[in-house]
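The values are calculated or read from the model by the stated rules, or taken from the named source; none is laboratory data. Keep in mind that what you see is a predicted model, and the values were worked out from it rather than measured. Don't worry about glycine lacking a Cβ; one is built from the backbone with ideal geometry, like all the others, and counts go over all protein chains shown.
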Amino acid sequence: MAWSLNGSKPIYLQLVEEIRRRVITGDYLPGSHVPSVRDLAGEAAVNPNTMQRALTELEREGLLENQRTNGRTVTEDTEMIAQQKRNMAETEIRECLERMQKLGISAEEMISMIQKIEQSEQKPNEQ
Amino acid sequence: MEAILQCNNLGKNYGSLHAVDGISFQVAPGRIIGLLGPNGSGKTTLIKMINGLLRPTSGEVLIDGKRPGVETKKIISYLPDCGYLDSDMNFKSSVALFKDFYADFDDKKAYDMLSRLNVDPAARFKTLSKGNKEKVQLILTMSRQSKLYVLDEPIAGVDPATRDYILQTIIANYNPQASVIISTHLIADVEKVLDDVVFLKNGQIVLYNSADEVRSKNGKSVDEVFREVFACSAN
């Protein structure tokens, strides 16, 4: 799995977001073991201390749990995960709205465009 | 815990040229530090003083609390910029040499790392490509259980896949009791692996901070900040 990291922003913040994303999408299932700091750092090609900082941050939030000698697991609190999913979606939508507004496209226009696009993508399945 | 490297007003001058101009800093265990600066900024002079190849003209450098000498050379693993391996040797014979010379050398680890590459341990170094020579030198350096690894331009002049391999090896060998100093020009490639960065200019430290701090303060990558700090006018 590729980690696309932007050198212009603190790396540890980007690592936090990517791991959060993996929990939200179910790549890391609730209650499952998260790979070790070393393995994750190798996969992301980042400094292990930076990865550790990201994991500690997610522990602080409660999204990950530190089982001491048993490594880290994803929380089983599915309500928290659902809430994080909503937060992430909301952030993306707000950013998109802002970009559309800069183009001069209103929220209503955007909603009708979204519906058109969604319908045109469904058509091939209806045949 | 004691700093692995400590420089106190460290200086090296050649007449009126202050190659290293009274620098003070320390490196804690478990850190990967980038030593960054243009050619002639004092990086190599500093590295040579750390390794006891040059003597300071002022101040001191301490490795694990000791001045450079036999005891510090035991705990420093140095990968110089230029190739230092005899071109008639091969991996087998250099592993034997390292094992004989260094008490902390792990030959099993060296062979294990080599097995993942397409390099024949019996092939003489003069027959290896530049990329493979770099990888072999790195393997020998990282197979020691040292407290300080000093890598001078470990990824220069090699293809991107080889650079990735070298950086992966450095990450995989991370040890919270040891530290790594990487001196390089290829900042964009290396910066994600660095904890902290030191910018050296005219023998002085102009910046010493964590890489993420540099990013958040400037909204730019370490590479971009470097280009600004060391910009030369083309006009």
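Is there a residue in the stretch A:3-25 that is away from chain B (no Cβ under 14 Å) and either on the phi > 0 side of the Ramachandran plot or in contact with a Gly (Cβ under 7 Å, 6 or more places away or on another chain) (or both)? No, the conditions are met nowhere in the stretch A:3-25. Right, A:Met100: touching a Gly at 6+ places or on another chain (Cβ under 7 Å), more than 14 Å from chain B (Cβ to nearest Cβ) and aliphatic (A, V, I, L, M) or not? In short, no. On the basis of being small (Gly, Ala, Ser), part of a helix (DSSP H, G or I) and at pLDDT 95 or above, does B:Ala96 make the cut? So B:Ala96 passes the test. Residue by residue through the stretch A:23-51, note down the ones that are surrounded by fewer than 14 Cβ atoms within 10 Å (Cβ to Cβ), within 14 Å of the chain's Cα centre (by Cα) and either assigned to a helix (DSSP H, G or I) or acidic (Asp, Glu) (or both). Matches in the stretch A:23-51: A:Thr25, A:Asp27. Within the stretch B:44-55, the set of residues being outside any loop (DSSP other than H, G, I, E, B) and touching a residue at least 12 places away in the same chain (Cβ under 8 Å) comprises B:Thr44, B:Thr45, B:Leu46, B:Ile47, B:Met49, B:Ile50. Would you point out the residue of the stretch B:115-155, among those that are surrounded by 14 or more Cβ atoms within 10 Å (Cβ to Cβ) and small (Gly, Ala, Ser), that is nearest to B:Met49 (Cα to Cα)? The residue in question is B:Ser146. Filtered by the rule that a residue be in a loop (DSSP other than H, G, I, E, B) and touching a residue at least 40 places away in the same chain (Cβ under 8 Å), the stretch B:56-73 gives B:Pro56, B:Thr57, B:Asp64, B:Gly65. Every condition in (1) more than 10 Å from chain A (Cβ to nearest Cβ); (2) touching a residue at least 60 places away in the same chain (Cβ under 8 Å) holds for B:Val193 except the one numbered (1).
Evaluation of B:Thr169 against the conditions (1) within 15 Å of B:Leu79 (Cβ to Cβ); (2) away from every other protein chain (no Cβ under 12 Å); (3) hydroxyl-bearing (Ser, Thr, Tyr) shows that the sole unmet condition is (2).
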